[in-house]
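Step one of this worksheet: look at the structure below.
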Amino acid sequence: MCGIVGYIGGRDCADVLMDGLEKLEYRGYDSAGIAVFEKNARSPGGTISTVKTRGKLKCMADKLAAEGKPEGFCGIGHTRWATHGEPSDINSHPHSNGRVTIVHNGIIENYTELKEFLSEKGYSFVSQTDSEIVACLLDFYFDGSDPLRAIMETVKELRGSYALGILFKDFPDHVYATRKGSPLIVGLGDSEYFIASDIPAFLKYTKDYAILDDDEIVAIDNGGVKFFDVHGIAVKKQIHTADWDIEQAQKCGYPHYMLKEIYEQPDVVEKTLDSIITDGVPDFSGIGLTDELLRGVKRVFVVACGTAMHAGIVARYAVEKLARVPVAVEIASEFRYMDPIVGEDDLVILVSQSGETADTIASLELAKSRGAKTLAVVNVKYSAIARGADMCIHTLAGPEIAVASTKAYMVQITVLYALAFRFAYARGNILESEMKRLTAQLYNAPKAIRDVIDNKDECQFIASQLVNVETLFFIGRGFDYALSLEGSLKLKEITYIHSEAYAAGELKHGTISLIEHNIPVITVATQRNILAKTVSNMEEVKARGATIIAVCRKGTEFAEGTVDIELKLNIGDELDDMLIPLPTVCALQLIAYYTSVLRGIDPDKPRNLAKSVTTE
Ligand code: AGP
């Protein structure tokens with residue numbers, strides 16, 4: 001949600017900013033802009049040129065071509081995902097009041113009262129944004145000589161979340177930044193420096209970076225980078241080196257990131273497994289998740305949003321089945337406000353690709369404050385959730401750029417299965433031999449996923465049957481229900497087709513009234529112990545005119561006339577039913593992907609969506 005980039009160095013700043021913004025496009029946005037110190041403005045009172053527009057970066061590029069690109073070596077840029085005020089030229093960032101120019105990611109919750117205060121002081125506003133007041137407040141506190149003090153005074157007044165990139169007109173070739181609750185990192189190159197919402201924005205120039213913590217301020221000029229705490233005391237920061245390479249963050253010949261990321265799944269599952277399996281069994285003792293700790297856990301909560309929450313539902317079925325510990329799966333935006341009964345006997349698992357999702361971060365803080373043990377399952381290293389939890393398992397999906405999460409979900413469920421096995425063993429519910437057998441089965445998943453990809457034509461065919469529908473349903477039971485939820489979310493977010501997922505047995509308690517002639521019902525039917533029940537539910541909707549698309553194992557036979565289209569996964573005994581979600585979800589991802597492409601939608605950047613939801 002919103003992308004920030006800033007640069008100071010020897011390169012053409014506008015080019016670096018535009019390039020960085022392009023790398024942050026995945027975060028979701030509806031307008032963009034840059035502000036650059038003009039190169040001949042290296043004395044106080046210099047000129048900052050701002051170009052901004054509603055629309056995608058192509059609109060920015062056109063505007064820069066038409067109006068002339070600002071020439072300089074220091075500036076800030078922004079992609080805006082509208083919260084306060086419609087997407088428009090005027091609401092786009094950067095915002096300026098003349099002396100101070102800012103870009104902002106987050107929400108200023110007390111902006112109305114601050115606006116009133118500033119209006120009384122004679123400030124006027126041109127946009128409808130909460131962000132513009134930050135530029136004015138900085139100006140109010142700026143005495144003309146001490147930008148650091150102005151920032152310190154300003155952030156004392158702000159409630160909500162923010163990452164801010166700031167230019168002071170009287171301090172040419174200086175970039176300032178601060179943050180609270182929204183991510184911001186500082187890229188450290190060779191005599192050039194960056195601020196950014198995420199690593200890909202500067203990965204081309206440097207892999208070294210420092211993470212700005214909440215309430216910290218960074219001041220950057222050509223001489224280097226200085227970090228300060230909220231009181232203005234200098235702080236020393238740890239330097240990290242990104243272990244991603246530039247190819248991982250590029251399309252590499254694929255038409256879309258989403259397809260590339262689907263294809264990467266077999267490899268990232270293998271890589272992730274190698275990182276958590278020792279001598280043929282899952283071992284998490286290195287992060288403090290010992291058998292003793294697992295034995296003492298009375299309840300498990302999995303707290304997450306969207307696709308990550310769906311991974312939690314798979315975990316619930318696996319952990320309860322094997323370890324016989326009660327598991328509650330909670331939507332993070334609910335958990336944080338529902339005063340949950342959670343305490344020191346509980347293990348709270350926070351699942352997140354980005355590690356920066358605002359509601360999941362707040363849930364982590366809540367769980368910690370209640371004394372629960374917290375475990376993060378996170379893809380982005382050093383992210384807020386990864387650093388905040390007591391223990392962290394890193395999934396090794398690598399950078400996930402497409403808005404629709406695919407490979408991150410795949411490795412989340414891989415890790416959560418492994419955790420379920422260890423949990424069950426630690427509590428004496430399964431023998432070591434069974435833990436080994438299940439772990440060996442997990443290692444069969446990459447081949448099974450590859451097989452689904454090799455047979456993508458079948459998913460393409462199903463997509464061709466869905467391209468013109470207005471509404472559809474996914475149904476399934478048990479693990480198949482968990483998959484239905486994820487398949488449905490994937491499809492609706494990138495195809496804009498209305499889709500709902502139901503536990504197959506629940507449909508007749510109301511929703512079946514919506515089934516009409518030719519409405520597609522995608523039935524996930526991989527769980528053999530309840531197949532007969534699922535088939536009954538298929539019959540019920542078929543009898544009401546639905547078109548049934550069944551996703552099942554090879555060898556599954558349905559009575560003649562029940563199913564209209566079958567997608568039989570080429571999977572035998574190498575995967576227990578419990579583990580079949582791994583290849584099956586890949587088929588559902590491919591169906592969503594091809595349907596999106598056939599409908600002429602860019603699956604990487606679906607409307608209204610942001611990759612990292614850093615505001616609540
Ligand atoms: C899934 O395709 C979505 N992009 C979304 O539901 C996502 O999974 C959710 O916002 C959680 O994000 P996180 O994993 O980064 O916390």
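The values are calculated or read from the model by the stated rules, or taken from the named source; none is laboratory data. This structure is a prediction, so every number in the text was calculated from the model and none was measured. Neighbour counts run over all protein chains shown; Cβ positions are idealised from the backbone, glycine included. These area figures cover heavy atoms from the full protein model, side chains too; ligands, DNA and RNA do not enter into them. Shrake-Rupley method; radii C 1.70, N 1.55, O 1.52, S 1.80 Å.
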(request) Report, by residue number, each residue of the stretch 481-496 that is among the charged types (D, E, K, R) and within 9 Å of the ligand (Cβ to nearest atom). (result) GLU486, LYS490, GLU493
(message) Of everything in the stretch 306-355, what is more than 16 Å from the ligand (Cβ to nearest atom), in a loop (DSSP other than H, G, I, E, B) and either open to solvent by 10 Å² or more (accessible area, probe 1.4 Å) or not aliphatic (A, V, I, L, M) (or both)? Give them in sequence order.
(response) ARG324, PRO326, TYR337, MET338, ASP339, PRO340, ILE341, VAL342, GLY343, GLU344, ASP345
(message) When the residues of the stretch 597-607 are narrowed to those that are away from the ligand (no atom under 12 Å from the Cβ) and in contact with a helix residue (DSSP H, G or I) (Cβ under 7 Å, 6 or more places away or on another chain), which ends up farthest from ASN570 (Cα to Cα)?
(response) ILE601
(message) Here is a check on your reading of the model: is ALA610 within 16 Å of the ligand (Cβ to nearest atom), modelled with pLDDT under 95 and in contact with a Lys or Arg (Cβ under 8 Å, 6 or more places away or on another chain)?
(response) yes
(message) Within the stretch 519-537, does at least one residue satisfy the condition of being away from the ligand (no atom under 16 Å from the Cβ), basic (Lys, Arg) and crowded, with 18+ Cβ neighbours inside 10 Å?
(response) no
(request) Run down VAL175, VAL155 and say which single residue is closer than 24 Å to VAL613 by Cβ, open to solvent by less than 50 Å² (accessible area, probe 1.4 Å) and modelled with pLDDT of 95 or more. (result) VAL155
(request) Pick out the one residue from GLY561, GLY572, GLY555 that is more than 25 Å from HIS498 (Cβ to Cβ), in contact with a helix residue (DSSP H, G or I) (Cβ under 9 Å, 6 or more places away or on another chain), at pLDDT below 95 and open to solvent by 10 Å² or more (accessible area, probe 1.4 Å). (result) GLY561
(request) Sort out which residues of the stretch 208-224 are surrounded by fewer than 18 Cβ atoms within 10 Å (Cβ to Cβ), within 25 Å of PHE73 (Cα to Cα) and either in contact (Cβ under 8 Å) with a residue 12 or more places away in the chain or under 21 Å from the mean Cα position of the chain (by Cα) (or both), and write them in order of number. (result) ASP208, ASP221, ASN222, GLY224
(request) Give the residues of the stretch 357-406 that are within 13 Å of the ligand (Cβ to nearest atom), among the acidic types (Asp, Glu) and either touching a Phe, Trp or Tyr at 6+ places or on another chain (Cβ under 7 Å) or part of a helix (DSSP H, G or I) (or both), sorted by residue number. (result) ASP359
